[in-house]
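The structure under discussion appears below in the form of structure tokens.
The values are calculated or read from the model by the stated rules, or taken from the named source; none is laboratory data. As the structure is a computational prediction, the values presented were derived from the model and not from experiment. Cβ placement follows ideal geometry from the backbone for every residue including glycine, while neighbour counts extend to all protein chains displayed.
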Amino acid sequence: MTQTSKTSAIVTPLTQALAEGKLTRDQLKDFMQRSDGPGLRRVALWLVMLACSTTLVVLAWDSWLIWPAMFVQGVILVHHFSLQHECVHYTVFRTRWLNDVVGQICGYTILLPHRFFRYEHCDHHTYTQVTGEDPEQIPMPTSFGAYFLYLSALPYWKTKFTEVFRHASGGLSEAERGFIPKEEWAAVARDARLMLGFYAVVIAGMAVTGWWGLVWLWLIPLILGEPVMRFIRMTEHVGRPTVPQMSDNTRTNLVSAPMRFLCWNMNYHAEHHYVSSVPFHALPRLHETLKDHIHVEPGGYIGAHRDIWRQIRANNAA
């Protein structure tokens, strides 16, 4: 894509929403108010939830029940992505450094360097669903085999490990050189090396002490839980038109309160793309304002996947 055509793909959903009367400037100012309180309270509850799931694994240690317990633990662990995502937008806390610290911790939890994610995610918002320009675009599966392979998370882990090791060696893909400023290339490499070094120290520490508990409390749960995150990530854009318009290319999924808690209200994904600077706690209110102007999936995550299945069947029948 030429620079001219690439620039023409940029959309400004906030400006569009204001121009079309979907939002007023007073409403926007209210929605965008940031505060440390909601984020700190949510993080405190998050830690309690994580402590409970960890206790569950420990209690089931000598039983087959450890596997469902690790799955529960894993579902919580992989949702650190949702918290890190909000920290990337600096919307969890008003205090900027708190977003950076919590985002870094989340990144170390799920193998996602925070600085790299921030730059990658910026281009995702700029070129949402623009094929060849959106670095986070998940292609529409061409078959049910491809669909289930993606849900297995095997391609995801292969990509993540390859990515981190490549960055640690100082290598960036052509696409990454496009969205990471040149002055940050060395920092991205340093971040990857520090992350790999941290994992090496953890593994060495377990080997020296002979206590391999983190394998059961962290690593295996992470692997068990990642397919759930893949299932959720697909519902955001997969199967929606590959066009720049936010009213068409993104789904909002109506889900239960526990799921809204886990995903930090990112089920309100179309609203988030319209105004990405609105904090997580204000997204339900923004939804009430924009719900008639966006694509809302009342069936939630299952409904979104039914739509994806329907499209796979239709494409294979054509």
Within region 266-295, track down each residue that is within 19 Å of the chain's Cα centre (by Cα), surrounded by fewer than 17 Cβ atoms within 10 Å (Cβ to Cβ) and not hydroxyl-bearing (Ser, Thr, Tyr). Pro284
Please identify the pairs in which a residue from region 141-164 that is under 20 Å from Ile223 (Cβ atoms) has its Cβ atom under 6 Å from the Cβ atom of a residue that is of a type in the set (S, T, N, Q), counting only partners at least 6 apart or on another chain. none
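Please go through region 152-173 and give me each residue that is among the aliphatic types (A, V, I, L, M) and in a loop (DSSP other than H, G, I, E, B), ordered by number. I'd like the intermediate steps shown before the answer.
Going residue by residue through region 152-173, those that are among the aliphatic types (A, V, I, L, M) are 153-154, 164, 168, 172.
Once the filter is applied, which keeps residues that are among the aliphatic types (A, V, I, L, M) and in a loop (DSSP other than H, G, I, E, B), region 152-173 yields Ala153, Leu172.
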Only one of Pro241, Pro258 is of a type outside the set (Gly, Ala, Ser), surrounded by fewer than 16 Cβ atoms within 10 Å (Cβ to Cβ) and within 29 Å of Thr131 (Cα to Cα). Can you tell me which? Pro241
Residues of region 182-236 being over 19 Å from the mean Cα position of the chain (by Cα), of a type in the set (D, E, K, R) and more than 18 Å from Thr109 (Cα to Cα), in sequence order, are Lys182, Glu183, Glu184
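Within region 1-32, restricting attention to residues that are modelled with pLDDT of 80 or more and not in a helix (DSSP H, G or I), which residue is surrounded by the fewest Cβ atoms within 10 Å (Cβ to Cβ)? Explain how you work it out, then say what you get.
Applying the first criterion (modelled with pLDDT of 80 or more) to region 1-32 yields 24-32.
Among the residues that remain, those that are also not in a helix (DSSP H, G or I) are: 24, 32.
Values: Thr24: 12, Met32: 14.
Looking at the filtered set, the residue picked out is Thr24.
So, in region 223-258, how many residues would count as being farther than 16 Å from His305 by Cα and either without any contact (Cβ under 8 Å) to a residue 40 or more places away in the chain or not polar (S, T, N, Q) (or both)? Can you show your working first?
Going residue by residue through region 223-258, those that are farther than 16 Å from His305 by Cα are 223-226, 242-248, 256-258.
Add one more test, that the residue is either without any contact (Cβ under 8 Å) to a residue 40 or more places away in the chain or not polar (S, T, N, Q) (or both), and what stays is 223-226, 243-244, 246, 248, 257-258.
Of the residues in region 223-258, 10 are farther than 16 Å from His305 by Cα and either without any contact (Cβ under 8 Å) to a residue 40 or more places away in the chain or not polar (S, T, N, Q) (or both).
Just the residues that are polar (S, T, N, Q), closer than 30 Å to Tyr274 by Cα and free of Cβ contacts under 8 Å to residues at least 40 places away in the same chain, please, taken from region 50-101. Break it down into steps so the answer makes sense when it comes.
Going residue by residue through region 50-101, those that are polar (S, T, N, Q) are 53-55, 63, 73, 82, 84, 91, 95, 99.
Retained after the next criterion (residues that are closer than 30 Å to Tyr274 by Cα): 82, 84, 91, 95, 99.
The answer is Gln84, Asn99.
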Please determine whether any residue of region 174-181 is acidic (Asp, Glu) and outside any helix (DSSP H, G or I). no
